[in-house]
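J.: I am attaching a structure below and will ask some questions about it afterwards.
The values are calculated or read from the model by the stated rules, or taken from the named source; none is laboratory data. The model shown is predicted, which means the values in this text are computed figures rather than measured ones. Using ideal geometry, Cβ is built from the backbone for each residue, glycine included, and neighbour counts are taken over all protein chains shown.
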Amino acid sequence: NNPTALVFSTVSSETATEAMRILSNGTLQSNNKSITNWNSMSSSGSLHIDGGGYIDTRGSANLTFRTTDANTTRMTLTNAGRLGIGTASPSGGTGELMTLAAGEGDDAMLVFWADEGDDNDDKWRIYAGTNGTFNIASYSTGSWVNHFEVDANSRISLSNNDGGTENTVFGYTAGTSI
């Protein structure tokens with residue numbers, strides 16, 4: 001019975017440099033430090049889970065995805081199952097499962113590309129505008145065109161592309177044509 005470690009090394013010159021080892025008791029070490037707290041694991045490359053698997057935060061913690069630096073949260077999945085994109089704090093109201101939060105001064109939108117978005121007719125978006133509107137738009141003409149809009153005064157407009165009220169079909173100062 002001779003317990004040994006399985007050692008992983010890299011070579012950039014004639015001398016091998018130890019990168020990681022698995023001890024005979026199953027402990028994984030990186031840079032000669034045992035990984036006992038999996039919350040502190042980091043990688044400078046990609047994390048792959050081949051053949052299925054799961055990511056588990058254990059306990060009541062949220063799962064947070066960050067980019068650029070350790071302080072820029074891009075997406076959060078709460079322990080209650082709510083997803084926040086662009087926010088570390090997704091809404092928690094009854095039935096609210098996803099929050100899209102745009103940066104200051106930006107519209108919050110979902111973009112849909114059918115058929116891999118290989119032509120303009122495939123592109124649609126739903127967005128909340130910074131001007132207080134809710135819109136559905138397509139890119140079929142080569143630029144974004146609103147086909148449906150609800151404004152802050154509860155007016156509903158269909159294809160109201162000129163900013164006027166002629167195509168406003170319901171609400172205050174609704175036009176007479178559809």
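J.: Among the numbered conditions (1) closer than 29 Å to Thr130 by Cβ; (2) surrounded by fewer than 10 Cβ atoms within 10 Å (Cβ to Cβ); (3) at pLDDT 80 or above, tell me where Thr94 comes up short.
T.: If we test Thr94 against (1) closer than 29 Å to Thr130 by Cβ; (2) surrounded by fewer than 10 Cβ atoms within 10 Å (Cβ to Cβ); (3) at pLDDT 80 or above, just (3) comes out false.
For (1) modelled with pLDDT of 85 or more; (2) under 21 Å from the mean Cα position of the chain (by Cα); (3) surrounded by 15 or more Cβ atoms within 10 Å (Cβ to Cβ), each residue gets a yes or a no:
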position: Thr72; (1), (2), (3): no, yes, no
position: Met98; (1), (2), (3): yes, yes, no
position: Trp113; (1), (2), (3): yes, yes, no
position: Thr133; (1), (2), (3): yes, no, yes
position: Ala137; (1), (2), (3): yes, no, yes
position: Ser143; (1), (2), (3): yes, no, no
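J.: Step by step: first the residues of region 61-97, then only those that are part of a loop (DSSP other than H, G, I, E, B) and among the hydrophobic types (A, V, I, L, M, F, W, C), then the one that is farthest from Val111 (Cα to Cα). Which residue is that?
T.: Per the stated criteria, the residue is Ala61.
J.: For residues in region 1-57 being at pLDDT below 65 and among the charged types (D, E, K, R), which is farthest from Thr78 (Cα to Cα)?
T.: Lys33
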